[in-house]
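Only one structure is covered here, and it is reproduced in the block below.
The values are calculated or read from the model by the stated rules, or taken from the named source; none is laboratory data. Computed from a prediction, not measured in an experiment: that's the story for all the values here. Every residue, glycine among them, receives a Cβ derived from its backbone with ideal geometry; neighbour counts consider all protein chains shown. Remember, those area values only see protein heavy atoms, side chains included, never the ligands or the DNA or RNA. Shrake-Rupley method; radii C 1.70, N 1.55, O 1.52, S 1.80 Å.
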Amino acid sequence: MKKKWQILTNGIIKENPTLVLLLGMCPTLAITTGVISALGMGLATTFVLVGSNTVISLLRKFVQKTVRIPAYIVVIAGFVTMVEMLMKSYLPSLYGALGIYLPLIVVNCIILGRAELFASQNTVGDSALDGLGMGAGFTLALCLIAAVREFFGTGCIAEIAITEEWMPGMTFFILPAGGFFTLGMIIAIVRYITEKRNRDPQKNCREREEEFCESCPNRAICQNEKEG
Amino acid sequence: MKKNKTPEKNQKNDRGFSVFKEVLVPTFSLCLILCVTVALLALTRHFTEKNAKPKLWRYEDSVYTQIYDDLGRMTEVAYTGEQENVLEVLSAGEGRYLISVSAKGYASTPIEVVVGIQSSYVADGICVAVCEETQGLGANITKDKFLETVIGEEGPFVLGENLDGIAAATYSTKAFTKAVNTAFEVFEEIKEGDAQ
């Protein structure tokens, strides 16, 4: 049970795809000008992540190693097209707002990365949980960046006016440069907090190393080198 | 001779076996995944298409009622004038016209503006029906705060003279102004046509 919980929360905090692994930077910078579009993008990516992780995990013994990447791309592209059709039909305004970034979920590094690193080596349940955790982490990071950019850029959050009437927004935050600035500042804060936590004197060196290694995708290579 | 033949035969067998395992099986598995995906997509399309209601006019009714809330029966007017990018001209009765015009802004998709006009160079109402401009910047042309500076005012509009643009959204405001001015010109041409 503890392991399942750890898989779920890994993507939200320890291995957050946007703020820690720095994956999916293109939609992160492009979509975060408004909280609503960020939330829509995050939910669409979560749906694709959960679906593709589950299917890829189911197919892991069936798909040959030589064709695994094209097979993953077919599965991911299938899910993205489904999301596109559903969104076009039920949420046309959000579909218009996301524009080209919705079909571009197919090439989102987070999805292909999780398919290759996790879903192809773990059980269906664990893979679905990993997809959910990673999707939630991505959505939360997008919403956080979007909230900061929208608030300082327009004085609104989720199109609800907060300081719009008495304080004009700083256009810089809506522009791409503002996106890089906000993302950099948030990553710095997250790193400061996590490193401070790791510097806890109560924890010994071994414990800290184990905690760090647990979330590293190169763990197996490292261990082999240590043993070899 | 026998000794020489046996390894050759084994090599052929090995080659034949590896072609099956390394070429045919992966190809078959990939084709199978592709077929299942296509079938599921066809199913999704079947269900989502059912949901889409056939539209009588270019946009949803809510776009037109945003401009004239007492809309009755509308009829399409065939426009053959000089203005470009005119998407639709509808007569809403009582001398009112709903003119849809597109103009290229900053985004790759042009904006589409529906203008309700009853008297020369004055817009009764405006609705930006399609807008994929940058959120927080160009997308502000859809906001009431900006539209209120145009509705009821006398045109044609010139940016910086009788219309204040949006800071850092020049392309979008220019496209919007162009679309509204084109709608005014279309209205004038229709009126002239009626008079003749």
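Taking only region B:126-170 into account, find how many residues are within 11 Å of chain A (Cβ to nearest Cβ) and of a type in the set (S, T, N, Q). Walk me through how you get there before you give the answer.
First, pick out the residues of region B:126-170 that are within 11 Å of chain A (Cβ to nearest Cβ): B:129-140, B:142-143, B:145, B:166-169.
With of a type in the set (S, T, N, Q) added as a condition, the list becomes B:134-135, B:140, B:142.
Number satisfying all stated conditions: 4.
Taking the condition of being at the interface with chain B (Cβ under 7 Å from one of its Cβ atoms), within 25 Å of A:Y101 (Cα to Cα) and open to solvent by 20 Å² or more (accessible area, probe 1.4 Å), how many residues in region A:62-81 meet it?
Summing the residues that are at the interface with chain B (Cβ under 7 Å from one of its Cβ atoms), within 25 Å of A:Y101 (Cα to Cα) and open to solvent by 20 Å² or more (accessible area, probe 1.4 Å) in region A:62-81 gives 3.
Suppose we filter B:L56, B:L30 for residues that are free of Cβ contacts under 8 Å to residues at least 24 places away in the same chain, farther than 26 Å from A:L98 by Cβ and within 21 Å of the chain's Cα centre (by Cα); which single one remains?
Working: B:L30 fails: within 21 Å of the chain's Cα centre (by Cα).
It is B:L56.
Looking at A:A119, is it modelled with pLDDT under 90, surrounded by 20 or more Cβ atoms within 10 Å (Cβ to Cβ) and either over 28 Å from A:F180 (Cβ atoms) or touching a Gly at 6+ places or on another chain (Cβ under 7 Å) (or both)? Spell out the reasoning first.
Values: modelled with pLDDT under 90: yes; surrounded by 20 or more Cβ atoms within 10 Å (Cβ to Cβ): yes; either over 28 Å from A:F180 (Cβ atoms) or touching a Gly at 6+ places or on another chain (Cβ under 7 Å) (or both): yes.
So A:A119 fits the description; yes.
Can you tell me which residue among B:Y59, B:Y79, B:Y106 is open to solvent by less than 30 Å² (accessible area, probe 1.4 Å), among the hydroxyl-bearing types (S, T, Y) and more than 10 Å from every other protein chain (Cβ to nearest Cβ)? Spell out how you get there, then give the answer.
Details: B:Y79 fails: open to solvent by less than 30 Å² (accessible area, probe 1.4 Å); B:Y106 fails: open to solvent by less than 30 Å² (accessible area, probe 1.4 Å).
Just one listed residue meets the conditions, B:Y59.
A quick yes/no check of all residues on (1) among the basic types (K, R); (2) away from chain B (no Cβ under 11 Å); (3) surrounded by 19 or more Cβ atoms within 10 Å (Cβ to Cβ):
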{"site": "A:K3", "(1), (2), (3)": "yes, yes, no"}
{"site": "A:T9", "(1), (2), (3)": "no, yes, no"}
{"site": "A:M25", "(1), (2), (3)": "no, yes, no"}
{"site": "A:A44", "(1), (2), (3)": "no, yes, yes"}
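What are the residues in region A:162-182 that are facing chain B (nearest Cβ under 10 Å), out of contact with any strand residue (DSSP E or B) (no Cβ under 6 Å at 6 or more places or on another chain) and in a loop (DSSP other than H, G, I, E, B), if any? Please lay out each step first, then the result.
Initially, region A:162-182 is screened for residues facing chain B (nearest Cβ under 10 Å), giving A:164, A:168-169, A:171-176, A:178.
Now restrict to residues that are out of contact with any strand residue (DSSP E or B) (no Cβ under 6 Å at 6 or more places or on another chain): A:168-169, A:171-176, A:178.
Answer for region A:162-182, where residues must be facing chain B (nearest Cβ under 10 Å), out of contact with any strand residue (DSSP E or B) (no Cβ under 6 Å at 6 or more places or on another chain) and in a loop (DSSP other than H, G, I, E, B): A:P168, A:G169, A:I174, A:L175.
Give me the pairs, please: first residue somewhere in region A:22-37 and within 17 Å of B:A107 (Cα to Cα), second residue anywhere and among the hydroxyl-bearing types (S, T, Y) and not in a helix (DSSP H, G or I), beta-carbon distance under 8 Å, and either six or more positions apart or on two chains.
A:T33/B:T134
Return the only residue of B:V114, B:V150, B:V180 being in contact with a Lys or Arg (Cβ under 9 Å, 6 or more places away or on another chain) and either touching a residue at least 40 places away in the same chain (Cβ under 8 Å) or not in a strand (DSSP E or B) (or both).
On the way: B:V150 fails: in contact with a Lys or Arg (Cβ under 9 Å, 6 or more places away or on another chain); B:V180 fails: in contact with a Lys or Arg (Cβ under 9 Å, 6 or more places away or on another chain).
After applying the criteria, what remains is B:V114.
Looking at region A:95-116 only, could you name the residues that are closer than 19 Å to B:A107 by Cα and open to solvent by 50 Å² or more (accessible area, probe 1.4 Å)? Steps first, answer last, please.
Residues of region A:95-116 that are closer than 19 Å to B:A107 by Cα, as a first pass: A:95-104.
Listed by number, the residues that qualify are A:Y95, A:I100, A:Y101, A:L104.
Failed condition for A:V55, given (1) open to solvent by 40 Å² or more (accessible area, probe 1.4 Å); (2) closer than 25 Å to A:P176 by Cα; (3) within 14 Å of chain B (Cβ to nearest Cβ), with all others met?
Condition not satisfied by A:V55: (2).
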